[in-house]
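Have a look at the structure below, then the notes.
The values are calculated or read from the model by the stated rules, or taken from the named source; none is laboratory data. Source: prediction; values computed, not measured. Reconstructed Cβ throughout: ideal geometry from the backbone, glycine too, with neighbour counts over all protein chains shown. Surface areas here come from the heavy atoms of the whole protein model, side chains and all, with no ligands, DNA or RNA. Shrake-Rupley method; radii C 1.70, N 1.55, O 1.52, S 1.80 Å.
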Amino acid sequence: YLFITFPDRPGFGVISVKGTGHGWDLLADAQLWSAAVFFQILRFLLPFGEIWNSIFNNLIAAISEVESSSISEVSYYKQITEFISFLKSSTEYTDLVVTGHSLGGGTAIIAGAQSGIPAIGVSGPNAKLSRLSFDPPLTLEDIDKNTFNIIPQRDPVAMIDDPGLNYQNIRCTAPMNNLLACHGSTRSVCEIMYSCGNYNRPAICECIDDEHRYPSPLAPSLSEDFATACANAVA
(Lines give C-alpha, C1' and ligand atoms only; values in the text may rest on other atoms or scores of the structure.)
Protein backbone atom coordinates (compact mmCIF):
# COMPACT_ATOMS: atom_id res chain seq x y z
CA TYR A 1 0.00 0.00 0.00
CA LEU A 2 0.97 3.65 -0.39
CA PHE A 3 0.43 6.60 1.90
CA ILE A 4 -0.16 9.79 -0.09
CA THR A 5 -0.02 13.27 1.41
CA PHE A 6 -0.73 16.69 -0.08
CA PRO A 7 1.39 19.77 0.76
CA ASP A 8 -1.55 22.11 0.26
CA ARG A 9 -3.77 20.09 2.64
CA PRO A 10 -1.96 19.63 5.96
CA GLY A 11 -3.32 16.81 8.09
CA PHE A 12 -4.90 15.01 5.12
CA GLY A 13 -3.69 11.66 3.86
CA VAL A 14 -4.85 8.84 1.57
CA ILE A 15 -3.95 5.20 2.11
CA SER A 16 -4.08 3.52 -1.30
CA VAL A 17 -4.20 -0.30 -1.20
CA LYS A 18 -3.08 -2.27 -4.24
CA GLY A 19 -5.42 -4.69 -5.94
CA THR A 20 -4.99 -8.30 -7.03
CA GLY A 21 -1.60 -8.63 -8.71
CA HIS A 22 -0.63 -12.32 -8.61
CA GLY A 23 -1.69 -15.78 -7.53
CA TRP A 24 -1.20 -15.16 -3.82
CA ASP A 25 -3.62 -12.24 -4.01
CA LEU A 26 -6.20 -14.50 -5.69
CA LEU A 27 -5.69 -16.97 -2.85
CA ALA A 28 -6.34 -14.19 -0.35
CA ASP A 29 -9.56 -13.28 -2.17
CA ALA A 30 -10.69 -16.89 -2.15
CA GLN A 31 -9.95 -17.53 1.51
CA LEU A 32 -11.43 -14.29 2.87
CA TRP A 33 -14.64 -14.37 0.83
CA SER A 34 -15.21 -18.00 -0.23
CA ALA A 35 -17.77 -18.62 2.53
CA ALA A 36 -19.71 -15.49 1.53
CA VAL A 37 -19.80 -16.64 -2.11
CA PHE A 38 -21.02 -20.10 -1.07
CA PHE A 39 -23.88 -18.68 0.98
CA GLN A 40 -24.81 -16.19 -1.74
CA ILE A 41 -25.26 -19.12 -4.12
CA LEU A 42 -27.21 -21.03 -1.46
CA ARG A 43 -29.43 -18.00 -0.82
CA PHE A 44 -30.18 -17.77 -4.54
CA LEU A 45 -31.25 -21.43 -4.64
CA LEU A 46 -33.37 -21.38 -1.48
CA PRO A 47 -36.97 -20.16 -1.54
CA PHE A 48 -37.20 -16.76 0.16
CA GLY A 49 -33.44 -16.90 0.54
CA GLU A 50 -33.14 -13.33 1.87
CA ILE A 51 -34.78 -14.27 5.16
CA TRP A 52 -31.75 -16.41 6.04
CA ASN A 53 -29.27 -13.51 5.96
CA SER A 54 -28.96 -13.24 9.74
CA ILE A 55 -28.19 -16.96 9.98
CA PHE A 56 -25.69 -16.78 7.13
CA ASN A 57 -23.72 -14.10 8.97
CA ASN A 58 -23.15 -16.44 11.90
CA LEU A 59 -22.44 -19.48 9.71
CA ILE A 60 -19.80 -17.56 7.75
CA ALA A 61 -18.23 -16.44 11.02
CA ALA A 62 -18.21 -20.07 12.25
CA ILE A 63 -16.54 -21.33 9.07
CA SER A 64 -13.93 -18.58 9.31
CA GLU A 65 -13.23 -19.56 12.91
CA VAL A 66 -12.53 -23.14 11.82
CA GLU A 67 -10.15 -21.84 9.14
CA SER A 68 -8.74 -19.09 11.36
CA SER A 69 -5.06 -20.09 11.09
CA SER A 70 -4.98 -20.10 7.28
CA ILE A 71 -7.18 -17.02 6.93
CA SER A 72 -5.01 -15.08 9.35
CA GLU A 73 -2.05 -15.52 6.99
CA VAL A 74 -3.86 -13.67 4.17
CA SER A 75 -5.70 -11.08 6.26
CA TYR A 76 -3.94 -8.09 4.72
CA TYR A 77 -6.56 -5.77 6.15
CA LYS A 78 -4.94 -6.15 9.59
CA GLN A 79 -1.78 -4.41 8.38
CA ILE A 80 -3.82 -1.53 6.96
CA THR A 81 -5.89 -1.20 10.14
CA GLU A 82 -2.73 -1.14 12.26
CA PHE A 83 -1.18 1.51 10.02
CA ILE A 84 -4.32 3.67 10.23
CA SER A 85 -4.28 3.33 14.02
CA PHE A 86 -0.66 4.49 14.03
CA LEU A 87 -1.52 7.54 11.91
CA LYS A 88 -4.53 8.39 14.06
CA SER A 89 -2.42 8.19 17.22
CA SER A 90 -0.18 10.97 15.90
CA THR A 91 -1.24 14.60 15.87
CA GLU A 92 -0.01 15.14 12.32
CA TYR A 93 -2.89 13.50 10.41
CA THR A 94 -6.47 14.27 11.36
CA ASP A 95 -8.24 13.59 8.05
CA LEU A 96 -7.64 10.15 6.53
CA VAL A 97 -9.20 8.18 3.68
CA VAL A 98 -8.44 4.61 2.60
CA THR A 99 -9.12 3.40 -0.93
CA GLY A 100 -8.30 0.56 -3.31
CA HIS A 101 -9.35 -1.51 -6.30
CA SER A 102 -10.35 -5.18 -6.37
CA LEU A 103 -8.77 -6.95 -3.38
CA GLY A 104 -7.44 -3.53 -2.38
CA GLY A 105 -10.99 -2.19 -2.41
CA GLY A 106 -12.25 -5.02 -0.22
CA THR A 107 -9.31 -4.55 2.13
CA ALA A 108 -9.98 -0.80 2.26
CA ILE A 109 -13.65 -1.38 3.10
CA ILE A 110 -12.75 -3.69 6.01
CA ALA A 111 -9.98 -1.45 7.35
CA GLY A 112 -12.05 1.72 6.99
CA ALA A 113 -14.98 0.18 8.84
CA GLN A 114 -12.70 -1.10 11.61
CA SER A 115 -10.87 2.22 11.94
CA GLY A 116 -13.83 4.56 11.60
CA ILE A 117 -12.47 6.47 8.59
CA PRO A 118 -13.99 6.89 5.09
CA ALA A 119 -13.24 3.95 2.79
CA ILE A 120 -13.81 4.00 -0.97
CA GLY A 121 -13.61 0.75 -2.89
CA VAL A 122 -13.60 0.37 -6.68
CA SER A 123 -14.79 -3.08 -7.76
CA GLY A 124 -14.02 -4.38 -4.29
CA PRO A 125 -15.61 -7.43 -2.63
CA ASN A 126 -18.19 -6.28 -0.09
CA ALA A 127 -18.34 -7.08 3.62
CA LYS A 128 -21.93 -7.14 4.85
CA LEU A 129 -22.50 -10.91 4.94
CA SER A 130 -19.01 -11.72 6.18
CA ARG A 131 -18.76 -8.82 8.65
CA LEU A 132 -18.60 -11.10 11.73
CA SER A 133 -15.71 -13.15 10.31
CA PHE A 134 -13.15 -10.33 10.46
CA ASP A 135 -10.94 -9.53 13.44
CA PRO A 136 -12.27 -7.41 15.02
CA PRO A 137 -15.79 -7.99 13.64
CA LEU A 138 -17.62 -5.22 11.81
CA THR A 139 -21.06 -3.89 12.65
CA LEU A 140 -23.66 -2.80 10.12
CA GLU A 141 -23.23 0.73 11.45
CA ASP A 142 -19.48 0.57 10.78
CA ILE A 143 -20.11 -0.48 7.18
CA ASP A 144 -22.99 1.88 6.46
CA LYS A 145 -21.33 4.93 8.02
CA ASN A 146 -17.78 4.60 6.71
CA THR A 147 -17.73 2.64 3.43
CA PHE A 148 -18.58 3.28 -0.21
CA ASN A 149 -18.11 0.82 -3.08
CA ILE A 150 -18.24 1.48 -6.82
CA ILE A 151 -19.82 -1.55 -8.50
CA PRO A 152 -19.57 -1.87 -12.29
CA GLN A 153 -22.16 -3.87 -14.20
CA ARG A 154 -21.25 -7.54 -14.72
CA ASP A 155 -18.17 -7.28 -12.50
CA PRO A 156 -17.94 -10.69 -10.77
CA VAL A 157 -15.61 -9.48 -8.01
CA ALA A 158 -17.85 -6.57 -7.00
CA MET A 159 -20.78 -9.01 -6.78
CA ILE A 160 -19.07 -10.90 -3.93
CA ASP A 161 -20.84 -10.46 -0.58
CA ASP A 162 -23.55 -7.84 -0.01
CA PRO A 163 -22.79 -4.11 -0.18
CA GLY A 164 -23.49 -1.72 2.66
CA LEU A 165 -25.83 1.22 2.51
CA ASN A 166 -23.54 3.39 0.36
CA TYR A 167 -22.58 2.13 -3.08
CA GLN A 168 -22.85 3.23 -6.69
CA ASN A 169 -23.63 1.02 -9.66
CA ILE A 170 -21.96 2.15 -12.89
CA ARG A 171 -22.16 1.00 -16.51
CA CYS A 172 -19.71 -1.36 -18.11
CA THR A 173 -19.27 -0.70 -21.82
CA ALA A 174 -17.14 -3.79 -22.46
CA PRO A 175 -18.48 -6.53 -24.75
CA MET A 176 -20.96 -8.86 -23.05
CA ASN A 177 -18.66 -11.85 -23.56
CA ASN A 178 -15.77 -10.23 -21.68
CA LEU A 179 -16.70 -10.16 -17.99
CA LEU A 180 -13.21 -9.54 -16.70
CA ALA A 181 -13.03 -6.29 -18.70
CA CYS A 182 -15.76 -4.89 -16.45
CA HIS A 183 -13.39 -5.33 -13.50
CA GLY A 184 -10.69 -3.06 -14.92
CA SER A 185 -9.93 0.06 -12.91
CA THR A 186 -9.21 2.18 -15.99
CA ARG A 187 -12.62 1.42 -17.48
CA SER A 188 -14.32 2.35 -14.21
CA VAL A 189 -12.44 5.66 -13.99
CA CYS A 190 -13.32 6.43 -17.61
CA GLU A 191 -17.00 5.69 -16.97
CA ILE A 192 -17.07 7.92 -13.88
CA MET A 193 -15.37 10.79 -15.73
CA TYR A 194 -17.62 10.37 -18.77
CA SER A 195 -20.82 10.26 -16.69
CA CYS A 196 -19.93 12.84 -14.04
CA GLY A 197 -17.33 15.06 -15.71
CA ASN A 198 -13.73 15.59 -14.68
CA TYR A 199 -14.17 19.04 -13.07
CA ASN A 200 -10.85 20.42 -14.34
CA ARG A 201 -8.99 17.23 -13.49
CA PRO A 202 -6.89 15.81 -16.35
CA ALA A 203 -8.75 13.47 -18.68
CA ILE A 204 -7.21 10.04 -19.34
CA CYS A 205 -5.93 9.23 -22.81
CA GLU A 206 -6.65 5.50 -22.35
CA CYS A 207 -10.38 6.27 -22.31
CA ILE A 208 -10.44 6.91 -26.07
CA ASP A 209 -8.23 3.99 -27.13
CA ASP A 210 -9.46 0.95 -29.06
CA GLU A 211 -10.12 -1.00 -25.87
CA HIS A 212 -12.32 1.52 -24.03
CA ARG A 213 -13.79 3.57 -26.92
CA TYR A 214 -15.17 6.55 -25.01
CA PRO A 215 -15.77 9.77 -26.96
CA SER A 216 -12.98 12.33 -26.87
CA PRO A 217 -13.59 14.93 -24.14
CA LEU A 218 -14.05 18.57 -25.03
CA ALA A 219 -10.76 20.40 -24.66
CA PRO A 220 -11.33 24.07 -25.53
CA SER A 221 -7.99 25.11 -24.00
CA LEU A 222 -6.03 22.85 -26.39
CA SER A 223 -4.85 24.02 -29.78
CA GLU A 224 -5.44 20.48 -31.11
CA ASP A 225 -8.06 17.80 -30.58
CA PHE A 226 -7.74 15.48 -27.58
CA ALA A 227 -6.71 12.39 -29.60
CA THR A 228 -3.89 14.30 -31.28
CA ALA A 229 -2.75 15.73 -27.93
CA CYS A 230 -2.63 12.19 -26.46
CA ALA A 231 -0.66 10.89 -29.45
CA ASN A 232 1.82 13.73 -29.16
CA ALA A 233 2.19 13.16 -25.42
CA VAL A 234 3.09 9.50 -26.00
CA ALA A 235 5.49 10.40 -28.79
Name the single residue, out of those in region 97-120 being in a strand (DSSP E or B) and touching a residue at least 40 places away in the same chain (Cβ under 8 Å), that is surrounded by the most Cβ atoms within 10 Å (Cβ to Cβ). 98
As an exercise: evaluate residue 62 against (1) at pLDDT 90 or above; (2) over 19 Å from the mean Cα position of the chain (by Cα); (3) surrounded by fewer than 17 Cβ atoms within 10 Å (Cβ to Cβ) and give the number of the one condition it does not meet. (1)
Name the residue, out of 213, 154, 187, 201, that is open to solvent by 40 Å² or more (accessible area, probe 1.4 Å), of a type outside the set (Gly, Ala, Ser) and under 14 Å from residue 122 (Cα atoms). 154
Applying the selection to region 76-101, what residues are out of contact with any helix residue (DSSP H, G or I) (no Cβ under 7 Å at 6 or more places or on another chain) and small (Gly, Ala, Ser)? 89, 90
May I ask you to verify whether residue 161 is touching a residue at least 60 places away in the same chain (Cβ under 8 Å) and of a type in the set (Asp, Glu)? yes
Can you list the helices (runs of 4 or more DSSP H) found entirely within region 121-235 that contain at least 2 residues being among the acidic types (Asp, Glu) and under 30 Å from residue 63 (Cα atoms)? 140-146
